[in-house]
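One structure is given below, encoded as structure tokens.
All of the numbers you see were taken from the coordinates with simple rules; none came from a lab. Everything numeric in this text was worked out from a predicted model, so none of it was measured. Cβ placement follows ideal geometry from the backbone for every residue including glycine, while neighbour counts extend to all protein chains displayed.
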Amino acid sequence: MPSILQYATQEVPAGGGSLPLGLTQGVEIHLTSIWLTATSSTNQLQFWGNVGWALQLLNQAVSPQLTFRIRTGGFSPTDPIVFQTTDSELFPGNMGFITQVSFNTSFTHTQVPNPTLIGVAVPYFLTVSYFGLGNVAITGPINLTGQVLE
């Protein structure tokens, strides 16, 4: 059975910090980050997390697409992507009333460490970008957790 060498977690509760955070289409934003240090190229890095988000329904069709990424080295669009996943919803335009609908996106990812970064504390950044139709906000909770296994 693998041993846990390091564990890191960062959580922003629903409504905490600057939440809810309205998203702008096409803009990738930083949600939270953790640091992990692999001690060997045989280690495994495991990540998991979740993000609560909401969509404002109007009397029109909406189809938001959110892309969640874990980046290393920084949180700009040019920094390396470790993992990414996309979540989307489609609502027809005949919903009638203005209402808010909440969702939660969860993910897991496992990888081996970059051999050039053994023994180096590496930051991992959780980001989100949004494309599509509709008003979307990150409402929380936001969680990014990682561990190094031997």
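Below are the figures for this structure:
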item: Cβ crowding within 10 Å averaged over residues, with 29-42, 72-85 ranked highest first; result: 29-42, 72-85
item: Residues S3, S129, S106 arranged by fewest to most Cβ contacts within 10 Å; result: S3, S106, S129
item: When the range 4-144 is reduced to its Cα atoms, the Kirkwood hydrodynamic radius in Å; result: 16.1
item: Extension gain from S63 to A121, taking 0.36 nm per residue of separation minus the Cα-Cα distance; result: 17.0 nm
item: Simple label model, 7 Å out from Cα along Cβ direction - T42 to S102, nm; result: 4.6
item: Rough spin-label spacing in nm, given labels placed 7 Å along Cα→Cβ, for A54 and T145; result: 2.5
item: Within the range 110-150: backbone nitrogen closer than 20 Å to the S76 label point (7 Å, Cα to C-beta); result: 122-130
item: Cα→Cβ-extended label distance, 7 Å offset, between S3 and Q111, nm; result: 2.6
